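Please treat every number below as a calculation from the coordinates, not as lab data. Remember, predicted model here, so these are calculated numbers, not experimental data. All Cβ positions, glycine included, derive from the backbone under ideal geometry; neighbour counts span all protein chains shown.
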Amino acid sequence: GPAIVADYRGLSVADITAIRRNLRQQGITYRVVKNRLARIAAREAGRDELMALLDGPTGLALGGADEVALARAFLDAIRPYRIVVVRGGVIGNRSFDSAAVTRLASLPPREVLLAQLAGAFASPLAGLASVLTAPLRNLGYALQQLAAQKAEQA
């Protein structure tokens, strides 16, 4: 699943506990990890893309409904603690830098994106239907005008 890696240097145990509690309410696990052990686990799990992010004091946020929800919840949880530095994240087999994590958090929720996509598909179809029915409407209008002219002449 997706993961976000951050440097927690300078946080107190109480701060880390508050972040952990906040994230747990949203179904996200936050763990402080030893880099050596995390590297071994990442290697054995075939998650080599995580290796470059494991340097210095490391906290991992894992889980969430989806990648966007994880990024948004994590950034919201650490916002009061300006000293936390997001190193990056991993989605699938790709790693991302901290700027990409921030951009990910700014995306609308998955349901909204799907609705926007559906709307994007529906809009051209409605336009096509309008274009296809326009000649019939115009023909009907022309016939009405012709009938009106004939009625005036008679």
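Just order 106-117, 38-49, 81-92, 5-16 by mean Cβ neighbour count inside 10 Å, highest at the front, would you? Before the final figure, lay out the partial values.
Numbers: 106-117: 11.4, 38-49: 13.4, 81-92: 17.8, 5-16: 15.7.
Ranking, from highest mean packing down: 81-92, 5-16, 38-49, 106-117.
Given (1) 14.2; (2) 10.1; (3) 12.6 as candidate values of mean projected area of the Cα convex hull in nm², which corresponds to the one derived from the coordinates?
Read-out from the structure maps to (1).
How much net charge surrounds residue 61 when only the other residues with a Cβ under 10 Å from the Cβ of residue 61 are counted, with Lys and Arg +1 and Asp and Glu -1?
On the way: positive: 20, 31; negative: none.
Charge balance near residue 61 sits at +2.
Which three semi-axes in whole Å describe the equivalent ellipsoid of region 76-126, each the square root of 5 times a Cα gyration tensor eigenvalue, listed largest first? Spell out each step's value before the answer.
Details: eigenvalues 203, 39, 11 Å².
For region 76-126, the ellipsoid semi-axes come out as 32, 14, 8 Å.
Run lengths n ≥ 4 of DSSP H only: what is the helix-derived mean residue ellipticity at 222 nm for the chain, with -39500 (n - 2.57) per run over all residues, to the nearest 500? Mind showing how you got there, number by number?
Working: 5 runs with 86 residues, N = 154.
Helix-only estimate at 222 nm: -19000 deg cm²/dmol.
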